[in-house]
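Since the structure comes first, as structure tokens, the remarks are kept for the end.
No lab work stands behind these numbers, since they all come straight from the coordinates. Just so it is clear, the model here is predicted, and its values are computed rather than measured. Cβ: placed from backbone, ideal geometry, glycine included. Neighbour counts: every protein chain shown.
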Amino acid sequence: MPFPTRREMLRTAGTGFGIAALRSVCSAAENPFAPKQPHFAPKAKRVIFLLMNGGMSQVDTFDPKPMLARYHGQPMPGGTPKTERKTGSLMKSPFQFRRCGKSGIEVSEIFPQIGDRADDLCVIRSMYTDIPNHEPSLQMMNCGENLQSRPSMGSWLIYGLGTENQNLPGYVVMCPGMPVVGSPLWNSSFLPAIFQGVYIPNNVKDPREMIQYLRDGDRPPESKRSQLDLLRDLNRWHAEKRAEDSQLEAAVQSMEVAFRMQTEAPEAFDIASEPEKVRARYGDTDFGRGCLHTLRLVERGVRMVQLYYGNMQPWDNHDDIMIHKKLAANVDGPVAALIDDLKSRGLFEETLIVFTGEFGRTPSVETSSRVKVQNGRDHNPFGFSLWMAGGGVKGGTTYGATDEFGFKAEQNRVHVHDLHATILHLMGIDHTRLTYSYSGRDFRLTDVHGKVVREILA
């Protein structure tokens, strides 16, 4: 007769320390979202990640380069740099920059309202990443690795800190459609599956259609609760006979969250309850509604909200950089309203906002045969800009610099690993200590890299 497994021995022990220990373990597993203590006092309690998927041009938004105007139509001194696609002469920005706020940060005219809030922004002009393609660069920006599959930053945050509201997901992802790559950008990979992001399409207006919670006709909540309790007990009985299965545990937890969401989530996503003057400032667009949803979610204790601008890669303007102006018009007002409302509701100082793309664009015009209009820019991983606000960063500042044409980061270069290390630091986490053992080694969001950019900390 074979010896019983440890699970079988504990299950048949009946009473005593064995069954007490098992109950203790099960109790701890019942609530993986419970708030956890950070490594040190945090500056921020939550993260809003606004992703302009497709690759926003730094020299047309937050990194003005007068030398582009001077050398417009001429080859870059030293020779045309090699990029993913063929490029030609330098191309000046068609947009004017102005000094904004008391800080005098220069911001493109396509972001007038964000520019008016320049004193809240910390603009990093020396970002760089590894690969000039959307898929690996999106993977890097979201998951800290160019290849699939690694846990997303949001998954690491929930794993490390839990979440404040047990009736809503701790990590919400919104996009009207899907960005390139899709769900691997918010997956939990080898972390327990319960920590993956909850995807919600924000291109519909009815909150009942946005949220795919348990639908069961007109049955009363008590009946649904009894059904879930039965399913929970069956699943636990099933799990006890097998090795740990995070997918099964995730299914159990997902049903529990879905049940609790039936009462709180519809209210959280019901922006019609906001005053009309508030809704008007965000506008009736996918991104505008998404920003208002974001406000309401972080107000209710969601740890991280990630909002993509649009389906696929709308900022990928190889043909005509003037499209940036149309895209920015949909972004500028809602983001300004989000900053203002976070302040008015007492959330700004403890909420970290990150506004970025996956990489930048070339200062030279694209001339490849793929483009119909030669007024656009190719991908550029060597230098790009992003900004952060709230949550412990210095407002009204710029950090780092690209070369005089805006092609490569040169001064105080900041890799995406450094960005992640800094975000975790602001959330009270030492990025070298947030680890998970898998396949014989300890993994972390920043892999073996990353340093905190302390110069931008308030």
What does the charge add up to near His318, with Lys and Arg as +1, Asp and Glu as -1, over the other residues with Cβ less than 13 Å from its Cβ? 0
Neighbouring Cβ atoms within 10 Å as the yardstick, rank Thr362, Thr129 fewest first. Thr129, Thr362
How many nm separate the modelled label positions at Ala280 and Arg345, each set 7 Å beyond the Cα in the direction of the Cβ? 2.0
Can you give the percent of C-alpha pairs in segment 366-437 whose distance is more than 21 Å? 48
Where Lys and Arg each count +1 and Asp and Glu each count -1, what net charge lies around Asn142 among other residues with Cβ under 13 Å from its Cβ? -2
If you plug each phi of segment 145-153 into the Karplus form 6.51 cos²θ - 1.76 cosθ + 1.60 with θ = phi - 60°, what whole-Hz ³J(HN,Hα) values come out, in order, with x for Gly and Pro? 8, 6, 10, 6, 10, 10, x, 6, 4
Could you give the semi-axes, largest first, of the ellipsoid that matches segment 322-402, computed as the square roots of 5 times the alpha carbon gyration tensor eigenvalues and rounded to whole Å? 32, 16, 8
Built amide H within the under 5 Å cut-off of Glu410, gap 5+: Ala401, Thr402, Asp403
Cα centroid distance between segment 176-210 and segment 293-371, in Å? 17
Gain upon complete extension [Leu147, Glu455; 0.36 nm per residue less C-alpha separation]: 107.9 nm
Among the DSSP beta bridges whose two residues both lie in segment 303-458, what percent are antiparallel, rounded to the nearest 5? 95
Please compute the net charge surrounding Arg303, taking Lys and Arg as +1 and Asp and Glu as -1 over other residues with Cβ under 13 Å from its Cβ. +1
Looking at the square roots a ≥ b ≥ c of the eigenvalues of the Cα gyration tensor of segment 286-444, which shape do they give, rounded for a/c under 1.5, prolate if a/b is larger than b/c, or oblate? oblate
Provide the FRET efficiency to the nearest 0.05 for the Ser368-Asn311 pair, computing r from the beta carbons and using R0 = 30 Å. 0.80
Along segment 391-396, what does the Karplus equation 6.51 cos²θ - 1.76 cosθ + 1.60 (θ = phi - 60°) give for ³J(HN,Hα), rounded to whole Hz, x for Gly and Pro? x, x, 9, 6, x, x
Estimated vicinal HN-Hα couplings, Hz - segment 350-360 in sequence order (Karplus 6.51, -1.76, 1.60; Gly, Pro = x): 10, 10, 8, 9, 10, 10, 7, x, 7, 6, x
